[in-house]
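Heads up, the thing below is written out as structure tokens.
The values are calculated or read from the model by the stated rules, or taken from the named source; none is laboratory data. Because the structure is predicted, anything quoted here is derived from the model rather than measured. Every residue, glycine as well, gets a Cβ built from its backbone with ideal geometry; the counts of neighbours run over all protein chains shown. To get the accessible areas, we keep the full protein, side chains included, count just its heavy atoms, and leave off ligands, DNA and RNA. Shrake-Rupley method; radii C 1.70, N 1.55, O 1.52, S 1.80 Å.
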Amino acid sequence: MDNTPKTYGPKATIFATTAQNFLLIGLGMEIGMPTIVIQQLYRNSDSEFSLTLTEVSWYGSILFIFHPTGSFLSGFLQERYGRKRCMILANVPSIFGWILLY
């Protein structure tokens, strides 16, 4: 097995940095989204759909419950499949989720 380090050109570096930043932007939006949704749905009498205090609590904390599990699992997946493939796979469900929210 060849252990020499690989060198990448500026084009690959820009694409890798952009992909990594999309993950960070997505994480920031996922953390901020419950704040907006909870404000609109908590005991909203004008809407057909509203949340109780218990439901608001679960909705606001579900990301923080599963985020450590995903982080732990991603370490194993990165060792097995590589960082590039894992970044691509991590964006697919995120994009699908935002499409559903839209």
Classify region 42-102: rounded, prolate or oblate, from the alpha-carbon gyration tensor (a ≥ b ≥ c, eigenvalue square roots; a/c under 1.5 rounded; otherwise prolate if a/b is larger than b/c)?
oblate
Counting Lys and Arg as +1 and Asp and Glu as -1 over every other residue whose Cβ sits under 15 Å from the Cβ of residue 75, the net charge comes to +2
With every protein chain in place, the accessible area of residue 98 for a 1.4 Å probe, in Å² rounded to the nearest 10, comes to 70
Averaged per residue, the 1.4 Å probe accessible area of the chain, protein heavy atoms only, in Å², is roughly 88
I'd like the orientation of helix 10-41 relative to the chain: the angle between its Cα long axis and the longest Cα principal axis, in ° from 0 to 90, rounded to 10.
10
With all protein chains in place and a 1.4 Å probe, residue 65 shows an accessible area in Å² (nearest 10) of 80
Residue 56: accessible area at probe 1.4 Å, nearest 10 Å²?
20
Expressed as a whole percentage, what fraction of the accessible surface of the chain belongs to carbon and sulfur atoms when a 1.4 Å probe is rolled over the protein heavy atoms?
67
Along principal axes, Cα extents of the chain, largest first, whole Å
64, 26, 17
Helix-only mean residue ellipticity at 222 nm for the chain, each DSSP H run of n ≥ 4 adding -39500 (n - 2.57), per residue, nearest 500:
-28000 deg cm²/dmol
